[in-house]
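This report concerns only the one structure given below.
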Amino acid sequence: MTARVLALLALVAGLVMLTGGTASACQCVERGPQDQMESAVAVFAGTVTRVGVSPDESGGGHVIAVLRADHVYKGQAREWFQVSTRSQGPACGYDFAAGSRHLVFAGGRDEALTTSSCSGNASLPAGDRPLRRDDGNGVTRELIAALGTPTRVRHTGAAEPTIAGSTAAGSTAAEPSAAGSAAAKSAATESAATESAGPDGGTGVLVAALVAVGVVALAAGGGWAYRRRSST
């Protein structure tokens, strides 16, 4: 009886681990640079100047990044872009940080651009030069060929757009905001707690409760069987 109980417990534990592992991972459909280029509304290289966190009813919230573009590979050539992404890695959110430079493939509408870790984005060296093969982080000859010749953005001193309805999570690298840093730390803590439970935070708690009930029931059954044999 004891061996059977242990085997059942091992099976349940394995299923819980398997469920948690698959539910918390972002899975992307593999696509080449040409497909990523064709499906994007805007493609540009730019430096993040501000990041905000915008909660929503669907859970997890969004990170909204403002980037100052230096080269545009697709779409309207303009100085500022505002892009939103999921705030959680398991939900395929892309990691933006103030002061970092990225190649961004954005979808959605021009006035409400979105991106994800599956879009083809790449982290770039600081500066404002066009992409080169030695930039690393997935910048390949195939990618550069798909991007084509960029339009260099002329910086005219246009005002940086504000992030409406969000909590500041960062500012320019040269002038960090104390309030923004505190908000970013809070958002990161909340995101980490959510990631540990998977995209659906309640699912992990429910599974753990069911496992606990199963363990108690199996232990009680084993004790009852033992007492029955002892009495006979």
- By average Cβ neighbour count within 10 Å, what is the ranking of 66-73, 156-163 from highest down? 66-73, 156-163
- Scoring only Lys, Arg, Asp and Glu (+1, +1, -1, -1) among other residues with Cβ under 15 Å from the Cβ of residue 29 yields -2
- Item | residue 35-residue 123 pseudo-label distance in nm [points 7 Å out on the Cα-to-Cβ vector] | 2.5 nm
- Counting pairs of alpha carbon atoms under 8 Å apart in space and at least six apart in sequence, what relative contact order in percent does region 41-123 give? 33 percent
- Query: In the neighborhood of residue 80, defined by Cβ-to-Cβ distances under 9 Å, what is the net charge if each Lys or Arg adds +1 and each Asp or Glu adds -1?
  - Reply: 0
- Query: In nanometres, what is the gap between the two model label sites at residue 78 and residue 156, each 7 Å from Cα along Cα-to-Cβ?
  - Reply: 1.1 nm
- Query: When the chain is fully extended, how far beyond the present Cα-Cα distance does residue 110 get from residue 27, taking 0.36 nm per residue of separation?
  - Reply: 27.3 nm
- Cα-projected label distance for residue 149 with residue 137, points at 7 Å along beta-carbon direction, nm: 2.7 nm
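Every read-out reported here was derived from the displayed coordinates using simple, explicitly stated rules and does not represent laboratory data. Remember, it's a predicted structure, so these values are computed and weren't measured experimentally. Here the Cβ is made from the backbone with ideal geometry for all residues, glycine too, and neighbour counts use every protein chain on show.
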